[in-house]
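Trainee: Provided herewith is a single structure, encoded as structure tokens, for subsequent inquiry.
The values are calculated or read from the model by the stated rules, or taken from the named source; none is laboratory data. All values derive from a computational prediction rather than experimental measurement. Cβ: placed from backbone, ideal geometry, glycine included. Neighbour counts: every protein chain shown.
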Amino acid sequence: MADAIVVLSGSSTYIERADWAARQYRAGRAPVVILTDDKLISGWNKAEERNPYFYELAARELQKPWRSQRAHTGNFRSSTGNL
């Protein structure tokens, strides 16, 4: 078992990366998922009226119920704090 699963969030492939991390987490490969924040900004989000950071988008993906059965237990962390 690994100590952690690290997700590099600064990419438009954040959905695939979050999915991979969630599958590894569910398989019991590590007790925590760490999400990096490299300050890359995604495209315009009309609903939020801003350009969200990729780490924010990846965090939202990791917290979706089908990504992890334990998403609300505090086992996901970002380089800027707990998610």
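Trainee: Which residue is farthest from V32 (Cα to Cα), if the candidates are limited to segment 47-77 and must be at pLDDT 60 or above and polar (S, T, N, Q)?
Mentor: N51
Trainee: Hey, among the residues in segment 23-40 that are free of Cβ contacts under 8 Å to residues at least 40 places away in the same chain and part of a loop (DSSP other than H, G, I, E, B), which one's surrounded by the most Cβ atoms within 10 Å (Cβ to Cβ)?
Mentor: Only one residue fits best here, namely A30.
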